[in-house]
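Each remark here refers to the structure printed beneath this line.
The values are calculated or read from the model by the stated rules, or taken from the named source; none is laboratory data. Since we're looking at a predicted model, the values are computed, not measured. Positions of Cβ are generated from backbone atoms using ideal geometry, with glycine treated the same way; all protein chains shown enter the neighbour counts. These area figures cover heavy atoms from the full protein model, side chains too; ligands, DNA and RNA do not enter into them. Shrake-Rupley method; radii C 1.70, N 1.55, O 1.52, S 1.80 Å.
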Amino acid sequence: MENDMDEKFEDWKGKEAISGKHGGIRAASIVCVVVMMENIVFIANGFSFVKYFMGSMHYSPAIAANMVTNFMGTSFLLTLFGGFIADSFLTHFTTFIIFCCIELMGLILLTFQAHNPKLLPEKGKTPSTLQSVILFIGLYAMATGTGGIKASLPTHGGDQIDRRNPRLISRFFDWLYFSICFGCLLAVTVVLWIEEKKGWMCSFDISVGILASALCIFTVGLPFYRFKRPNGSPLKKIAIVIISAARNRNKSDLDEEMMRSLIPSDKNIGHNKLKWIDKAMLNKNISETEVEETRTFLGLLPIFGSTIVMSCCVAQLSTFSAQQGMLMNKKLFRSFEIPVPSLNAIPLIFMLFSIPLYEFFGKKISLGNNNRSSSFNLKRIGLGLALSSVSMAVAAIVEAKRKHEVVHNNFRISVLWLVFQYLMLSVSDMLTLGGMLEFFYREAPSNMKSISTALGWCSTAFGFFLSTTLVEVTNAVTGRLGHQWLGGEDLNKARLELFYVLLCVLNTLNLLNYIFWAKRY
């Protein structure tokens, strides 16, 4: 929905923004740097929490896995709340400052707990009530802050780019995802290596320092930014349109013809989708623009819903894949052991090289014009969904081989066998999430950029929650059949390979569902 060229932007003093002085590549570049730094903190902790919960807090593997997926899921789900705040009440800049402070306070609380032995459970015991309260307050303060940051930062960066240059907007989102990947790479290599050598306390200390530095860097860029002031809750307007359309659903054809006469002929192109919304304009207080914005937002929801199962597959990288790696041979050389989360470094390096190539060839694929179409990003998302199905099939084969060698030959295969699923799932996530962020930002109404962009992150949230639900449902069903696939503390006695097969089947069915909705968009 690239029809918002006449938007008004202000500088930090409330005066009209000046082109060349406010916004532009310089301001957007600051956003990319801050995204990278925040992602170092989030990913380093997200990938290592499962080991922390099992080793230091003494939770069982299943509980630890669900705690991680719930934390990650809540973090991404709260992007909707952060997006709502940014679009309705605050600027994207202010939203980031507030939520970054919340995340920083949660991280400081977890750091304080890691430094104080009295706040950690004794060996062989689960956390006390006080210890659990401190853990979960810190954990979900981090989740709340992350939600607001991920909703506001991409939109704030996109707002720095001139809407009359859609190709530059596409390049920004490509490099934004590059920054995300680079932050991930530093997290799973440098930070996790320090954690392996120096322990949890050092890792938390570094995370606090990085996040505090990101907050300072972002604030220093204040004179260079341009801001778009919110003008009320867009969700309230959408609700009014939908309620009005529902109330007028039984109006006569004559009334409908009168309503269509109110619509300029050049606005009738999009009326093949969700025609029932048109009847909202029989309410004289509802404008044609509000109806079109509602139609556009509702049209994004099936695309959003069709990516959730893929995010469920990605969730396995920080849970069961990490647990698999802990039971495998992690030695690469005589004296060097690779931390399991650092396996992500291989696909991340691949993606860091592929994103510039993807941007170049993406321009060629889009016939060399300056505007990547909606269909281009929809195909990009579809390719990511297809690749995630293949990755789950490969994961099932690798797990079957790992368990066979352990049980029958008492031999631990190399942790590098996990590289295949890490690589394919990471590339799948790059294609899908990167495509969604740009697609939702460019298609969304001008007053719903944050909350629409948050849909991309929210898909990841529902994917993590779906993972938790699937684990519980799978254990409940298979337990009644005699043996839980994912029960107990010994992964060698579980049937993780069958769970991966289940995910492969579900994701393949979901791909067919996505193709249906993408063709209708």
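Look at where the Cα atoms of the range 157-207 and of the range 1-78 average out, and the two centres are 9 Å apart. Taking a sphere under 12 Å around the Cβ of VAL394 and counting the other residues whose Cβ falls inside, with K and R at +1 and D and E at -1, yields a net charge of -1. With Cα atoms as the point set, the radius of gyration and Dmax of the range 378-492 evaluate to 18.5, 61 Å. Using a probe of 1.4 angstrom and keeping all protein chains present, the accessible surface of the chain works out to 43 square angstrom per residue.
Within the accessible surface of the range 54-170, defined with a 1.4 Å probe on protein heavy atoms only, the carbon and sulfur portion equals 71 percent.
Relative protection proxy for 154-163, 131-140, from highest mean packing down: 154-163, 131-140 (other beta-carbon atoms within 10 angstrom). Using a cut-off of under 14 Å, list every residue of the range 96-114 whose amide N is near the label point 7 Å from the Cα of VAL190 along the Cα-to-beta-carbon line. From the range 96-114, the list is empty. Beyond 18 Å, what share of the Cα-Cα pairs of the range 170-229 is found? Please give it as a whole percent. Cα-Cα pairs of the range 170-229 separated by over 18 Å account for 55 percent.
May I ask you to list the residues of the range 39-75 whose amide nitrogen lies under 15 Å from a point 7 Å from Cα along the Cα→beta-carbon direction of VAL406? Zone members listed by number: 61-62.
Note on THR94 and ASP162: their simple-model spin labels are 2.9 nm apart, each label 7 Å out from Cα toward Cβ. Treating r as the C-beta distance of ILE25 and LEU502 and R0 as 60 Å, the FRET efficiency rounds to 0.85.
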